[in-house]
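One structure is given below, encoded as structure tokens.
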Amino acid sequence: MFKPKYQITDKLLNQIKQINKLVIELNQRRFPDVVLVELEKNAREISSFASTSIEGNPLPLTEVKKILKSKPKYIRDSEKEVINYNKALISLNKKLRLKDSKLTLNLILNIQRQVTQDLLPISQFGYFRKHPVIIRDPKTGKTIFLPPDYKDVNKLMAELVGFLQINKRTIDPLIIAGIFHKQMVIIHPFMDGNGRTTRLATKLLLAELGLNTFNLFSFENYYNKNVTKYFKFVGEQGSYYDLVNKIDFTQWLEYFCEGIIDELLRIQKLLPKVSINPQTELKSHHKKILKFIDKNNFITDKDYSKLVKRAKATRALDFQKLISLGLIDRKGKGKSTYYILKEIKE
């Protein structure tokens with residue numbers, strides 16, 4: 001039976017309170033569907049970049065965005081990793097919308113299958129490992145951690161998922177998700193794709209447990225800012241069997257919550273200023289602008305004049321309102337002026 005050791009420190013308690021407050025505020029925000037699709041796409045781009053970058057993928061964010069937009073036919077492994085991760089995010093988001101997101105062993109196996117598809121031998125994706133593995137320091141090459149024997153992986157993973165199901169109503173969701181994240185990294189259940197699978201499963205678990213910012217949220221981004229620090233907190237040094245009864249999750253949980261706070265604050269700053277009140281409410285004509293841009297990539301005043309019966313000065317105010325709300329950007333000058341959806345940047 002898996003019984004993790006941890007303490008609810010004052011720091012951790014305050015972090016949990018802050019996260020819950022931020023999540024409530026974010027979940028109360030409402031966006032037009034067109035804008036929401038753009039926000040979700042941006043979050044997937046950042047997540048796909050950050051999570052694969054943590055594992056050593058050299059592609060910069062600008063290149064990741066190009067790949068996900070153009071979907072090239074002939075791709076390198078580094079590009080395939082990014083595309084796979086993005087597809088897995090889309091698939092998991094769909095499960096959340098259909099309320100089919102219960103984290104099971106089969107779902108974990110399926111996530112790993114998605115992120116490693118066409119990158120590993122068939123016998124290694126979608127299956128727990130059947131061989132021993134060694135974790136080495138990437139800089140020195142020295143062995144730093146010996147995960148549990150492959151013969152124990154099935155049992156340990158079943159105990160971990162059982163821990164989630166038994167305690168999800170009695171332990172705070174953040175504690176549950178944080179413990180899951182670190183323990184799965186320790187078990188190292190796959191030959192490859194462990195980190196990417198763990199981060200996706202944790203993300204899904206947070207949403208399943210009520211922290212439903214999944215479609216806008218990219219906590220992988222925080223870990224990628226300081227990969228050395230992430231590995232220091234999430235990993236262990238030594239042999240699993242020597243450490244198993246000594247591992248304390250407290251410091252990791254504080255770091256885990258710190259990362260979520262950092263990401264939620266980043267999102268809060270970047271999100272458009274749309275909310276439901278008379279000053280910011282979008283009317284049908286505003287939504288027509290957004291829909292037209294979504295279909296055609298841009299809109300001009302001439303285009304807009306064909307969609308609505310509004311005076312030129314009034315149309316200018318319509319565009320200005322969407323600009324002030326952070327939904328669109330103005331490009332060009334004079335008669336060459338056109339408008340596009342605002343791209344969210346780091």
> Put +1 on the Cβ of each Lys and Arg and -1 on the Cβ of each Asp and Glu in the chain; which of Ile135, Leu253, Leu156 then has its Cα farthest toward the positive end of the dipole?
Replying inline: Leu253
> From the cross-link list Lys71/Lys295; Lys69/Lys309; Lys80/Lys102; Lys41/Lys312; Lys69/Lys229; Lys80/Lys232, which pairs have alpha carbons spaced over 23 Å apart?
Replying inline: Lys69/Lys309; Lys80/Lys102; Lys41/Lys312; Lys69/Lys229; Lys80/Lys232
> Among Phe231, Ala201, Pro60, whose Cα sits farthest toward the positive end of the charge dipole of the chain (+1 at Cβ of Lys/Arg, -1 at Cβ of Asp/Glu, about the Cα centre)?
Replying inline: Pro60
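Tell me what the chain gives for mean residue ellipticity at 222 nm when only DSSP H runs of n ≥ 4 count, each as -39,500 (n - 2.57), the sum divided by the residue total, rounded to 500 deg cm²/dmol. Walk me through the intermediate numbers first.
On the way: 15 runs with 203 residues, N = 346.
Taken over the chain, the calculation gives -19000 deg cm²/dmol.
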>> Starting from a Cα-only point model with no solvent, please compute log10 I(q)/I(0) by Debye for the chain at q = 0.06, 0.08 1/Å.
In response: -0.26, -0.44
> On alpha-carbon atoms, Rg over Rh for the stretch 284-341 using Kirkwood Rh?
Replying inline: 0.90
> When the chain is treated as a GNM, springs tying every alpha-carbon pair under 10 Å, which of Glu254, Glu220, Glu25 comes out with the largest mean-square fluctuation?
Replying inline: Glu25
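Coordinate-derived values only; no laboratory data. None of the values given here were measured: they were computed from a predicted structure. Backbone-built Cβ (ideal geometry, glycine too); neighbour counts: all protein chains shown.
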